[in-house]
1. Which numbered condition in (1) modelled with pLDDT under 90; (2) surrounded by 17 or more Cβ atoms within 10 Å (Cβ to Cβ); (3) on the phi < 0 side of the Ramachandran plot is the only one that Pro121 fails?
2. Here are Pro160, Pro204: which of them is under 20 Å from Phe113 (Cβ atoms) and assigned to a loop (DSSP other than H, G, I, E, B)?
3. Contact list please: Cβ distance under 7 Å, first residue in region 168-188 and among the hydroxyl-bearing types (Ser, Thr, Tyr), second residue surrounded by 11 or more Cβ atoms within 10 Å (Cβ to Cβ), pairs at least six apart or on different chains.
4. For the list (1) at pLDDT below 80; (2) in contact with a helix residue (DSSP H, G or I) (Cβ under 9 Å, 6 or more places away or on another chain), I need the number of the one condition that Cys47 fails.
5. For Tyr34, are the conditions met, namely being in contact with a strand residue (DSSP E or B) (Cβ under 8 Å, 6 or more places away or on another chain), surrounded by 14 or more Cβ atoms within 10 Å (Cβ to Cβ) and at pLDDT below 80?
6. Name the residues in region 108-134 that are touching a residue at least 40 places away in the same chain (Cβ under 8 Å), part of a helix (DSSP H, G or I) and within 14 Å of Ile164 (Cβ to Cβ), would you?
7. Keeping to region 147-173, report how many residues are more than 27 Å from Leu226 (Cβ to Cβ) and loosely packed, with under 14 Cβ neighbours inside 10 Å.
Amino acid sequence: MLAVAINYQGAVEEKNLGSTLMKIFDGFKLIKLYPSDDLAPDRLQLCRSEGYAELIKDIQEYRHPVESLLELRGPRIKLLRAVRHMFFFEEEKKYDQVFLEGGNGIIDFPWAFQLVLVEPPVSEWEQKPRWIKEADMMVIGGDKSEKNKNFIARIKKIRPDVPIYTEKIQNDLSPELKENLELLFAAYVEKRKKTKDALQLQYPKPQITCEQAQEMAGKLGVSLFLLGSVCDELGYSVIRCRLGCF
């Protein structure tokens, strides 16, 4: 399973990177979210049991008749739960490769691959915001001007490991950027596979305690979000959660 969350920062005028990527990468679908309400960042969300039939009552769904495009409109929290359900629980509508666009991907889908498109200037970016710390790749819109070079240098001081490309994205990507994305997508899929194999080997019974999950994520070098989504994908239940989520 490969989910790519598309994030926009700065003065991005046309937020259509998902449509461009879908034309370039075969086999992907595009889910565009249109939340009707908002949620403060980092607000704690306790898990609630709610079936898919209940979720979609408040969601408007539009499937493009030609392209592999699905548009979802409704309350933000219900949209996020619906997408989670499509990935992990709804066999008939299960998605294997998808671009997620709309909302805030890093906050809404922290278990996904995070692609960030940045159009300087970006206000208050010096505060080391989440999009710098958690991006898997950044694309700086525009040309390789001195201003953009300085902007990238400042980001590199915070995240020297993150791949950064500078180019104007319209209806295509440069061969170098496309190749690098393919490599990073493959690395993400391999990371999920490694996590699945370790989980099934160490815990053949489909359940794991919250403490065991944290320990395993640390040993594998993956985020708890990713490990949690792998548990969802494999049908594992998480027990003894101190927050009472599970």
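The values are calculated or read from the model by the stated rules, or taken from the named source; none is laboratory data. Predicted, not measured: the structure shown is a model, and the values here were computed from it. Counting neighbours? That spans all protein chains shown, and the Cβs are built from the backbone with ideal geometry, glycine included.
1. (2)
2. After ruling out the rest, the residue left standing is Pro160.
3. Within 7 Å, the pairs are Ser174/Glu167; Tyr188/Leu2; Tyr188/Phe113.
4. Single failed check for Cys47: (2).
5. So Tyr34 fails the test.
6. Trp125, Trp131
7. Residues in region 147-173 being more than 27 Å from Leu226 (Cβ to Cβ) and loosely packed, with under 14 Cβ neighbours inside 10 Å: 9 in total.
Conditions tested, residue by residue: (1) in a helix (DSSP H, G or I); (2) among the small types (Gly, Ala, Ser); (3) in the same structural domain as Phe28 (by TED's automatic domain parsing).
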{"residue": "Lys147", "(1), (2), (3)": "yes, no, yes"}
{"residue": "Tyr165", "(1), (2), (3)": "no, no, yes"}
{"residue": "Glu179", "(1), (2), (3)": "yes, no, no"}
{"residue": "Ala186", "(1), (2), (3)": "yes, yes, no"}
{"residue": "Glu215", "(1), (2), (3)": "yes, no, no"}
{"residue": "Ser229", "(1), (2), (3)": "yes, yes, no"}
{"residue": "Glu233", "(1), (2), (3)": "yes, no, no"}
